[in-house]
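Just below is one structure, and these are the notes that go with it.
The values are calculated or read from the model by the stated rules, or taken from the named source; none is laboratory data. Note that the coordinates shown come from a computational prediction; the quantities given were computed from them, not determined experimentally. Ideal geometry is used to build each Cβ from the backbone, glycine not excepted, and the neighbour counts take in all protein chains shown. Calculation scope for accessible area: heavy atoms of the full protein, side chains included, ligands and nucleic acids excluded. Shrake-Rupley method; radii C 1.70, N 1.55, O 1.52, S 1.80 Å.
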Amino acid sequence: MTVKDFRQLFPILNRQIYGRNLVYFDNAATSQRPQSVVEKFTELSLYSNANIYRAVHTLATEATEYYEKAREASRAFINASSREEIIFTSGCTAAINLVAYSFGEAFVGEGDEIIVCEAEHHSNMVPWQALCQRKKAHLRILPIDDKGHLDLQTLSALLAQGGSRVKLLALAHISNILGLVNPVEEVIALCHAAGVPVLLDGAQGIVHEKVDVRALDCDFYAYSGHKIYAATGTGVLYGKKEWLEKMPPFLYGGEMVETVNLQEATYAPLPLKFEAGTGNFAAVATLPQAYEVALSARTPEMEAAFAALCQYVESALLSRTDVRLYGVADEKYKRCGVFSFTVEGVHHEDLAHLLDKMGVAVRSGQMCAEPAVRHFGVQGMVRVSLAPYNTIEEAQYFMSALDKAVNMLR
């Protein structure tokens, strides 16, 4: 598999925007879909469209089999111990909210503490804020420094000071705004030594790292399918079985029950206990195809090409004296294809609009990480996020387009 071969899997990359070839650099928000994913979604929609689990007829059986194949594929992709540890949700946000509510109901009370990082995506901050407000608990903040690195001394202090009141730490595997891989193994070890479980927001980690939840020893891992080539409306929550069995359901309704009478109900075993209602079966069925595509990009040649692409973009941005690139990569904090920056004297939204006119799709604003943006003293940034189907030629075009746009805006 070469980059050219890989690009052929994605029809949208042949599209033109305002008469120019599309350069899609907004992959941290949503990756593009390969033909195999589109075909699988269409196949289920056209030929196996029936409610999962509930009926014994052929269509329902087929839909259920595809759904459970996706569960096994997800288990294998992250090396979970069992299929019961894989919960399907509508996305990473829903997965984190599930834990915040369900874990919170079971284990968090008045005066307890939850730790989150200053640089978290809102989806891994607001649910914990709401939990603490609801339970009269306290939200403690793990700060970052001006390099975007975690303050692990403060973490050790928070764990020591909080003691048994600290119930959980929630942290991004990879920052969606800085692109830095956090030292999650070290964080998990510190937390577990203090008896504190850890949830990892894997929205970016699932894309750029070879995730092994057993090797990481995290207690929960959440991610979205649409960031790793699957259909939208797909999410996975991994949870250690020992935690999931103790947590109450998050939603109530069909198929998550075992028995029901007029006064009470008992709940189905894992994983169905957390999957009330009709699952998004046509979309979930695309996960195996998405994983297959992701794995095909993990050849030495493809990984070397992507590393060279990331190095080019980082070096090109750092070479401009008017550009401030946020987050500092080093031996401990590797950067994974996500670059957020500002240009002196240029508004981020204006820059993104002009780049779009030149066919380049980037993200601008606060990237759903307002506290992190404000930490660096700005109102917004431009974010370039890369995928294995992006090329050096696209990056070179982006840099020339950036130069042209900046000159037009000054």
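Here are a few things to note about the model shown:
- Residue check, GLU105 acidic (Asp, Glu) and out of contact with any helix residue (DSSP H, G or I) (no Cβ under 8 Å at 6 or more places or on another chain): yes
- When residues in the range 247-262 are screened for being within 29 Å of the chain's Cα centre (by Cα) and surrounded by 16 or more Cβ atoms within 10 Å (Cβ to Cβ), 5 of them pass.
- Residues located in the range 189-209, provided they are among the β-branched types (Val, Ile, Thr) and over 19 Å from GLU85 (Cα atoms): VAL196, VAL207
- Sole residue being closer than 18 Å to SER224 by Cα, open to solvent by 40 Å² or more (accessible area, probe 1.4 Å) and either charged (D, E, K, R) or in contact (Cβ under 8 Å) with a residue 60 or more places away in the chain (or both), chosen from THR89, THR93: THR93
- Scan of the range 362-408 for residues that are surrounded by 15 or more Cβ atoms within 10 Å (Cβ to Cβ) and of a type in the set (Gly, Ala, Ser), ordered by number: SER364, GLY365, ALA369, ALA372, GLY380, SER385, ALA387, ALA395, ALA401, ALA405
- Subset tally (residues that are within 16 Å of the chain's Cα centre (by Cα), part of a helix (DSSP H, G or I) and farther than 26 Å from TYR67 by Cβ) for the range 86-126: 3
- VAL328 vs. criteria crowded, with 17+ Cβ neighbours inside 10 Å, of a type in the set (A, V, I, L, M, F, W, C) and not in a helix (DSSP H, G or I): no
- Which listed residue is touching a residue at least 24 places away in the same chain (Cβ under 8 Å), part of a strand (DSSP E or B) and open to solvent by 10 Å² or more (accessible area, probe 1.4 Å), from LYS167, LYS210: LYS167
- Of the residues GLU331, GLU255, the single one that is within 30 Å of LEU402 (Cα to Cα) and modelled with pLDDT under 95 is GLU331.
- Listed by first and then second residue, the pairs linking a residue in the range 250-261 that is on the phi > 0 side of the Ramachandran plot to a residue that is open to solvent by 60 Å² or more (accessible area, probe 1.4 Å) and basic (Lys, Arg), with Cβ atoms under 8 Å apart and 6 or more places separating them unless they lie on different chains, are GLU255/ARG54.
- Scanning the range 280-319 for residues that are open to solvent by less than 60 Å² (accessible area, probe 1.4 Å), in contact with a Phe, Trp or Tyr (Cβ under 9 Å, 6 or more places away or on another chain) and part of a loop (DSSP other than H, G, I, E, B) yields ALA285, THR286, ALA297.
- For the range 1-53, the set of residues classified as assigned to a loop (DSSP other than H, G, I, E, B) and more than 21 Å from ILE392 (Cβ to Cβ) consists of TYR18, GLY19, ALA29, THR30, ARG33, PRO34, SER48, ASN49, ALA50, ASN51, ILE52, TYR53, listed by residue number.
- Residues located in the range 263-279, provided they are crowded, with 22+ Cβ neighbours inside 10 Å and outside any loop (DSSP other than H, G, I, E, B): LYS273, PHE274
- Of the residues in the range 27-35, at least one is closer than 29 Å to PHE341 by Cβ and loosely packed, with under 15 Cβ neighbours inside 10 Å.
- Residues satisfying the stated conditions in the range 99-145, i.e. buried (at least 16 other Cβ atoms within 10 Å of the Cβ) and small (Gly, Ala, Ser): ALA100, SER102, GLY104, ALA119, SER123, ALA137
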